[in-house]
């Protein structure tokens, strides 16, 4: 699939088929996330791969009862690693760059999911502490997004977008 076709075809998928995602596709998605740019090439993020049906259900509850998470066959949890970024960038690394790093990695994963013919949806509403407990992580990480992934069982239409002329502003 052409890059711009991937961008155009990407949709938020919340209904999944009960078909497991192949290991090769998971590795490809993780490699795409790993290839994402990051501040100072520090990769101030961690990615947690969740396959357990129970943990997927737990994530769904932690994400304010967004039960479609439990319908996915796999989910990736992207966490910022503030300390890793702050070593080089201080406060700005602690509060911003690590969040940007995790966000960019998740966006690359999201596009890879689409390119592979899979579906996903970016989930950003959740209880941080519950998510950290579920993935068995330390408090020094900050959950940024949950990306449930699977074969889509829906084909939603594109949503209206603001025009480019409304979001892009030339500075002279």
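Please build a GNM for the chain, connecting alpha carbons under 10 Å apart, and tell me which residue among 93, 124, 150 fluctuates the most. Highest fluctuation of the listed residues: 124. Straightening the chain between residue 53 and residue 67 buys 3.9 nm, computed as 0.36 nm per residue apart minus the Cα-Cα spacing. For the options 130, 110, 138, a Gaussian network treatment of the chain with springs between C-alpha atoms closer than 10 Å singles out 138 as fluctuating the most. Shown here is the pair-distance distribution of region 60-109: with all Cα-Cα distances grouped in 5 Å bins from zero up to the longest one, the shares run 5, 20, 19, 15, 17, 11, 9, 4 percent.
Take region 3-155, drop everything but the C-alpha atoms, weight them equally and run the Debye formula without solvent; then report log10 I(q)/I(0) at 0.16, 0.20 Å⁻¹ to two decimals. Debye curve over Cα of region 3-155, log10 I(q)/I(0) at q = 0.16, 0.20 Å⁻¹: -0.83, -1.22. Take every DSSP beta bridge whose two residues both sit in the chain; close to 95 percent of them are antiparallel.
Quick one: among 129, 24, 53, which has the greatest mean-square fluctuation in a GNM of the chain with alpha-carbon springs under 10 angstrom? Result for the chain, Cα springs under 10 Å: 24 fluctuates most. Calculated mean residue ellipticity at 222 nm for the chain: -12500 deg cm²/dmol, from DSSP H runs with n ≥ 4 weighted as -39500 (n - 2.57), summed, divided by the residue count and rounded to 500.
Values in this text are rule-based calculations from the coordinates and carry no lab data. Here the structure is a predicted model, which is why all the values come from computation and not from measurement.
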